[in-house]
Amino acid sequence: MEQQADIQSYMEGLGRAARRASRALNRASTGEKNAALEAMAASLEADQAALLAANREDLAAGREAGLDEALLDRLELTPERITAMAEGLRQVAGLPDPVGAVRDLARRPSGIEVGKMRVPLGVVGIIYESRPNVTADAAALCLKSGNAAILRGGSEAARSNAAIADHIRAGLAAAGLPEEAVQVVATTDRAAVEHLVAMPAYVDVIVPRGGKGLIEMVSRKASVPVIKHLHGVCHVYLDDRAERRRALEIAVNAKTQRYGTCNTMETLLVAEGVAGDLLSELGERLGAIGVELRGCERTRAILPHAHAATDEDWDTEYLAPILSIRVVDDLEAAMDHIAEHGSGHTDAIVTEDYSRARRFVAGVDSSSVMVNASTRFADGFEYGLGAEIGISTDKFHVRGPVGLEGLTSEKFVVYGDGQVRT
């Protein structure tokens with residue numbers, strides 16, 4: 001009980017400091033925020049050796065603990081990934097600052113002018129697993145959008161996150177902003193998460209990034225709003241009017257460019273009219289690189305080496321070199337399958353038929369719907385948002401990759417010149 005009380009006191013202390021810092025950030029200029037981001041990026045690049053050393057310790061501990069390859073891939077830092085982190089910070093610095101922007105300013109019959117102004121949410125709590133780059137991405141987006149951040153990474157990345165946090169604090173200090181604007185939770189005790197999601201006096205929104213179990217737990221226990229997606233069961237539909245080479249390249253890329261991401265294709269849907277031709281070559285290419293195929297009966301008639309897909313397969317986010325394949329009658333059947341088994345994350349069609357593409361875009365209710373492109377593009381960086389804080393499949397406030405604007409709200413502003421209401 002004493003330990004729990006200590007953790008509660010510690011988390012409330014972080015919350016109070018974050019609330020104070022959020023008031024300072026609300027008054028910070030765009031120049032000050034950008035200066036902090038540039039200083040963070042320079043600090044990360046200047047000390048890659050220390051970051052890689054800390055990450056190697058995390059990787060060694062992860063292997064000893066039996067983490068699977070998908071999690072180890074998410075955990076690993078490389079010189080290229082550190083450079084990408086720094087570039088992400090600089091890209092956010094180069095983005096327009098949404099805070100203070102006023103839209104729809106209009107004069108009313110009374111003579112007052114009414115508009116809406118972008119404002120920070122306040123304090124954002126972010127809970128994530130494995131990926132240490134989230135520490136830098138989250139800090140960048142929260143800072144530029146004027147929000148204080150409390151970051152709680154997974155225990156498997158504790159050393160990496162602590163090392164990155166040192167550079168974040170250095171950047172804040174260099175720009176004259178409070179170091180408490182970005183705080184990384186030091187304890188790995190899971191009780192810290194339960195306190196973080198239940199502090200509405202100090203925290204305005206929670207963003208969980210990780211596996212379905214983590215997100216379900218956070219959603220169940222949170223007493224503050226949550227921006228989330230539960231899982232990514234993403235589909236690519238190869239229409240019978242798809243260009244053959246394009247269809248094959250998109251399908252291979254969507255599955256194999258990286259296995260352990262939420263925008264990786266998990267189910268391939270193929271129109272019956274082109275299934276024999278496309279699946280024969282696709283099966284060879286995927287089999288050559290070790291992708292396990294699980295198919296419906298019509299798929300297995302073309303690819304006998306494929307395992308029989310179960311009902312569970314259509315609803316599974318593998319995050320691994322496993323692909324479910326279903327041959328469908330037509331576009332309508334493909335959309336019906338996505339409606340029944342999709343997670344609302346990202347779904348794509350490959351077709352040369354404009355009207356079918358329009359029907360797919362209008363009829364598939366996902367946060368990202370694509371035409372003739374790999375699902376792997378469903379990403380804040382690729383969408384021009386800079387880094388992303390996560391992906392939301394909810395239907396309120398923000399949907400899809402969450403960038404700067406998704407971390408702000410709006411308030412009404414009214415300008416008058418002495419009007420009184422009669």
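The values are calculated or read from the model by the stated rules, or taken from the named source; none is laboratory data. Since the model is a prediction, treat every value here as computed from it, not as a measurement. Glycine also receives a Cβ, built like all others from the backbone with ideal geometry; neighbour counts cover every protein chain displayed. We work out accessible area using only protein heavy atoms, side chains counted, and drop any ligands, DNA or RNA first. Shrake-Rupley method; radii C 1.70, N 1.55, O 1.52, S 1.80 Å.
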**OP:** Please find, within the stretch 85-100, the residue that is nearest to Thr408 (Cα to Cα) out of those that are surrounded by fewer than 17 Cβ atoms within 10 Å (Cβ to Cβ) and small (Gly, Ala, Ser).
**Re:** Gly100
**OP:** Please tell me if Glu64 is out of contact with any Cys (no Cβ under 8 Å at 6 or more places or on another chain), open to solvent by less than 80 Å² (accessible area, probe 1.4 Å) and either over 24 Å from Leu141 (Cβ atoms) or free of Cβ contacts under 8 Å to residues at least 24 places away in the same chain (or both).
**Re:** no
**OP:** For residues that are surrounded by fewer than 23 Cβ atoms within 10 Å (Cβ to Cβ) and assigned to a helix (DSSP H, G or I), tally how many sit in the stretch 332-359.
**Re:** 13
Original post:
Can you tell which of Ala320, Ala339 is in contact with a helix residue (DSSP H, G or I) (Cβ under 8 Å, 6 or more places away or on another chain) and either of a type in the set (A, V, I, L, M, F, W, C) or over 19 Å from Arg258 (Cα atoms) (or both)?
Top reply: Ala320
**OP:** Could you list all residues from the stretch 219-238 that are more than 30 Å from Ala201 (Cβ to Cβ) and surrounded by 23 or more Cβ atoms within 10 Å (Cβ to Cβ)?
**Re:** Gly232, Val233, Cys234, His235, Val236, Tyr237, Leu238
**OP:** Would you mind telling me which numbered condition in (1) hydrophobic (A, V, I, L, M, F, W, C); (2) within 30 Å of the chain's Cα centre (by Cα); (3) crowded, with 21+ Cβ neighbours inside 10 Å; (4) over 22 Å from Arg376 (Cα atoms) Ala275 fails?
**Re:** (2)
Original post:
Do you know which residues across the stretch 97-119 are out of contact with any strand residue (DSSP E or B) (no Cβ under 6 Å at 6 or more places or on another chain) and touching a residue at least 24 places away in the same chain (Cβ under 8 Å)?
Top reply: Asp97, Ser110, Gly111
Original post:
Taking interchain pairs and intrachain pairs at least six residues apart, which have beta carbon atoms under 8 angstrom, with the first residue in the stretch 19-38 and under 18 Å from Asp204 (Cα atoms) and the second in a helix (DSSP H, G or I) and open to solvent by less than 50 Å² (accessible area, probe 1.4 Å)?
Top reply: Ala21/Ala181; Ser22/Ala181; Ala24/Ala181; Leu25/Lys33; Leu25/Leu143; Leu25/Ala181
**OP:** At least 1 residues that are under 24 Å from the mean Cα position of the chain (by Cα) in each: list the strands (runs of 3 or more DSSP E) lying fully within the stretch 93-173 that qualify.
**Re:** 113-120, 123-128, 148-152
Original post:
at positive phi, among the hydrophobic types (A, V, I, L, M, F, W, C) and under 24 Å from the mean Cα position of the chain (by Cα) - does that describe any residue in the stretch 367-383?
Top reply: no
**OP:** Name the residue, out of Ser374, Ser366, that is polar (S, T, N, Q), within 19 Å of Asp240 (Cα to Cα) and open to solvent by less than 40 Å² (accessible area, probe 1.4 Å).
**Re:** Ser374
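Conditions (1) closer than 15 Å to Ala70 by Cα; (2) open to solvent by less than 40 Å² (accessible area, probe 1.4 Å); (3) in contact with a Ser or Thr (Cβ under 7 Å, 6 or more places away or on another chain), marked per residue:
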position: Glu284; (1), (2), (3): no, no, no
position: Ile289; (1), (2), (3): no, no, yes
position: Asp313; (1), (2), (3): no, yes, yes
position: Ile325; (1), (2), (3): no, yes, yes
Subject >> Every pair of residues 6+ apart whose Cβ atoms lie under 7 Å, when the first sits in the stretch 1-14 and is within 11 Å of Ala186 (Cβ to Cβ) and among the β-branched types (Val, Ile, Thr) while the second is at pLDDT 90 or above and surrounded by 12 or more Cβ atoms within 10 Å (Cβ to Cβ) >> reply: Ile7/Thr187; Ile7/Asp189; Ile7/Ala191; Ile7/Ala192; Ile7/His195
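For every residue, the table says whether it meets (1) part of a loop (DSSP other than H, G, I, E, B); (2) at positive phi; (3) hydrophobic (A, V, I, L, M, F, W, C).
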position	(1), (2), (3)
Gly232	yes, no, no
His235	no, no, no
Ala242	yes, no, yes
Arg245	no, no, no
Val252	no, no, yes
Thr267	no, no, no
Val270	no, no, yes
Leu279	no, no, yes
Leu286	no, no, yes
